[in-house]
Amino acid sequence: MMVIPGPASQELGRKIAEHLEKKVVPIDFKRFPDGESRIRFTENIEGEDVVIVQTNSPPQNEHLIQLFIIADSAKDLKAKSITAVVPYFAYARQDKRFRPMEAFSIKTIVTLLETCGVSRIITVNSHNPKVLKTFKIAIDDLSAISLLAQHLKTQGFNGVFSLSLGKKAVDMAKQANDVLGGGYGCISTQRDQVSGEVTIEKKTLPVKNRDAVVFDDIISSGATMVKAVRWVRKQGARKIYVACVHPLLIGDAKNRILEGGADGIFGTDTIPSPFSIVTVAPLIARALA
Ligand code: R5P
């Protein structure tokens with residue numbers, strides 16, 4: 001097996017290879033002044049099981065195109081198998097046609113990866129694991145919630161209440177509670193398909209005079225998390241921490257969350273950010289092994 005860290009996942013790719021004790025094949029990469037990418041393998045990959053690690057952090061579209069080019073070239077150069085490790089899978093939230101005649105974007109992305117010769121995709125806390133199971137290609141959706149919770153535990157967060165956002169995401173809170181104890185729950189969230197306005201369920205939570213951690217798969221604009229943190233604060237929680245797998249934190253999301261009442265933000269390195277303190281490398285390495 002050869003691990004090929006793509007331009008978007010240089011550090012994480014190397015960490016995964018270290019965990020696996022496998023060889024890293026660096027990519028000779030150039031970004032032209034107009035933004036186009038050129039890639040070249042630095043070793044012969046013919047007959048090899050190739051693992052490409054390329055997250056879809058912003059700029060997502062550029063990182064996706066690079067992934068397509070790397071995979072398709074590996075196919076041309078006769079790699080034996082091609083696995084794409086995409087720790088953050090862009091477009092996973094467009095998991096159906098929400099409105100008539102709208103694109104089903106994640107299907108398009110998966111189809112393109114298959115066309116480029118990818119036979120297996122590994123991702124982490126994708127927005128809708130169920131929809132990934134409907135595609136022909138093998139897709140492993142791993143969960144980094146226990147890793148995040150274990151980190152929080154080492155920081156003294158034992159016995160806190162674990163809350164996850166989104167009715168379907170109650171599993172996240174359950175997984176966190178298995179590590180942290182202290183009980184768990186979820187509140188559902190909704191986004192208006194036209195205006196983008198987020199509303200959250202105003203549900204009573206057992207957090208009065210207690211510390212709580214609010215878990216979510218993604219923090220993008222921060223709109224959902226700010227509302228959740230404010231609600232937990234209103235319920236009388238003491239300290240409130242925010243934990244997410246993919247800390248996109250676009251624009252001033254970080255400040256809005258902290259100003260909204262959060263005492264700290266924790267994330268993983270599926271997306272490089274100042275909050276990416278938990279590495280998903282061992283999780284991905286285990287799946288590859
Ligand atoms: C929604 O279903 C997701 O789990 C996240 O809550 C959402 O994508 C976060 O987006 P934003 O930070 O823009 O509110």
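Every number in this text was worked out from the coordinates using simple rules, so none of it is lab data. In this text, all values refer to a predicted model and were calculated from it rather than measured experimentally. Cβ placement follows ideal geometry from the backbone for every residue including glycine, while neighbour counts extend to all protein chains displayed.
Within 10 Å of each candidate Cβ there may be at most 14 other Cβ atoms; applying that plus a DSSP loop requirement, which trypsin sites (Lys or Arg not before Pro) in segment 111-163 survive?
Answer in residue order: K133, K136.
Run down the lysines and flag those whose C-alpha is under 18 Å from the C-alpha of K15, throwing out any fewer than 8 positions away in its chain.
Excluding near neighbours in sequence, the set is K23.
Less than 20 Å apart at the alpha-carbon level, and either on another chain or at least 8 residues along: which aspartates and glutamates does that give for K133?
Straight-distance partners of K133: D95, E114, D141, D171, D217.
For an R0 of 41 angstrom, estimate the FRET efficiency from the Cβ-Cβ distance between E43 and K202 and round to the nearest 0.05.
Taking R0 as 41 Å, the efficiency between E43 and K202 is 0.10.
Please give every one of the lysines within straight-line cross-link reach of K208, meaning a C-alpha to C-alpha distance under 16 Å, and leave out same-chain neighbours fewer than 8 residues apart.
Those lysines meeting the cut-off are K234, K239.
What 222 nm value per residue comes from the helices of the chain, counting each DSSP H run with n ≥ 4 as -39,500 (n - 2.57) and dividing by all residues, nearest 500 deg cm²/dmol?
So the calculated ellipticity at 222 nm is -9500 deg cm²/dmol.
Given H placed on each backbone N at 1.01 Å, which residues far from D49 in sequence or on other chains put an amide H within less than 5 Å of it?
When sequence neighbours closer than 5 places are left aside, the close amide H contacts are M2, K80, S81.
To the nearest 0.05, how large is the calculated FRET efficiency for S81 and D192 if R₀ is 45 Å and r is the Cβ-Cβ distance?
Step by step, r from the Cβ atoms, then E = 0.55.
What FRET efficiency comes out for D178 versus K239 if R0 is 22 angstrom and r is the Cβ-Cβ distance? Round to the nearest 0.05.
Step by step, r from the Cβ atoms, then E = 0.55.
Within 10 Å of each candidate Cβ there may be at most 11 other Cβ atoms; applying that plus a DSSP loop requirement, which trypsin sites (Lys or Arg not before Pro) in segment 180-235 survive?
K202, K208
Considering only C-alpha atoms, what is the centroid distance from segment 37-69 to segment 229-249, in Å?
35
Which percentage, to the nearest 5, of the DSSP beta bridges contained in segment 121-215 is antiparallel?
Of all bridge pairs located within segment 121-215, approximately 20 percent are antiparallel.
Roughly how many debye, to the nearest 20, is the charge dipole of segment 145-269 about its Cα centre, given +1 on each Lys and Arg Cβ, -1 on each Asp and Glu Cβ, and no other charges?
For this selection, approximately 520 debye.
If you place +1 on the Cβ of every Lys and Arg, -1 on the Cβ of every Asp and Glu, and leave all else neutral, what size is the dipole of the chain about its Cα centre, to the nearest 20 Debye?
1080
Which is the longest stretch in the chain that no exposed loop site breaks, taking sites as GluC sites (Glu not before Pro) with a DSSP loop state and at most 15 other Cβ atoms within 10 Å?
Counting at most 15 other Cβ atoms within 10 Å as exposed, the longest clean stretch of the chain is 103-196.
Using a Gaussian network model on the chain with a 10 Å cutoff between Cα atoms, which of P247, P87, P33 fluctuates the most?
Maximum fluctuation in the GNM of the chain, among the listed residues, is at P33.
Can you list which of the trypsin sites (Lys or Arg not before Pro) found in segment 29-115 are DSSP loop residues with at most 15 other C-beta atoms within 10 Å?
Passing sites in segment 29-115 are K78, K80, K96, R97.
If you take the Cα Rg of the chain and divide it by 2.2 N^0.38 Å, with N the number of residues, what do you get?
The value comes to 1.03.
Dipole size in debye (nearest 20) for segment 73-141 around its Cα centre, Lys and Arg Cβ +1, Asp and Glu Cβ -1?
160
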